[in-house]
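Peer 1: Before I ask anything, here is the structure I am working with.
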Amino acid sequence: MTAADGSAGEEVTIGKDEAAGRYEIFLDGRRVGLADYFRRGDVVVIPHTETLPQYGGRGLASQLVRYCLDDIRAQGLRVRPSCPFVAAFIRKNPEYADLVAQP
């Protein structure tokens with residue numbers, strides 16, 4: 001898990017729940033977002049991400065996706081971003097383009 005300060009000194013914690021197949025982001029100990037995933041060989045498919053509506057627009061989803069992609073890279077895996085948010089994040093952050101698995 002990793003922790004960082006959010007706005008107004010809030011603690012942001014991000015981690016991976018392998019048993020549940022998801023990455024999670026917490027704000028002051030409360031889960032406020034998640035990114036579901038599953039593996040197909042050496043490819044991690046991310047079909048869905050969500051952030052609780054009241055926490056939208058704060059960059060939490062981007063922090064979560066960055067954590068996911070950094071974790072996937074560290075494992076030497078590739079990603080299939082079937083979630084539109086993840087695909088858009090990769091387009092906006094081309095340093096992750098090399099992780100995208102070809103169909």
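Derivation of every value follows stated rules applied to the coordinates shown; laboratory data play no part. Everything numeric here is computed off the predicted structure, so don't read it as measured data. Cβ placement follows ideal geometry from the backbone for every residue including glycine, while neighbour counts extend to all protein chains displayed.
Peer 1: For F89, F38, which order do you get if you count the other beta carbons within 10 Å of each Cβ and list the fewest first? Before the final figure, lay out each step's value.
Peer 2: Values: F89 20, F38 12.
Ranked by crowding around the Cβ, least crowded first: F38, F89.
Peer 1: Å³ per residue of the Cα convex hull, for region 21-64?
Peer 2: Numbers: hull volume 3.2 nm³, N = 44.
Value for region 21-64: 73 Å³ per residue.
Peer 1: Neighbour counts of other C-beta atoms within 10 Å: give me L52, L69 arranged from fewest to most.
Peer 2: Neighbour counts put them in this order, fewest first: L52, L69.
Peer 1: If you take every DSSP beta bridge fully contained in the chain, what fraction is antiparallel? Give it as a percent rounded to 5.
Peer 2: In the chain, approximately 85 percent of DSSP beta bridges are antiparallel ones.
Peer 1: Let me ask something additional. Can you give the net charge of the other residues whose Cβ lies under 10 Å from the Cβ of L34, counting K and R as +1 and D and E as -1?
Peer 2: My count for the surroundings of L34 gives -2.
Peer 1: Taking each pair of different alpha-carbon atoms in region 2-94 once, compute 1/r for the pair, average those values, and report the inverse of that mean as the Kirkwood hydrodynamic radius in Å to one decimal.
Peer 2: The answer is 13.4 Å.
Peer 1: What size of dipole, in debye to the nearest 20, comes out for the chain about its Cα centre when the only charges are +1 on Lys and Arg C-beta atoms and -1 on Asp and Glu C-beta atoms?
Peer 2: Computed charge dipole of the chain: roughly 400 debye.
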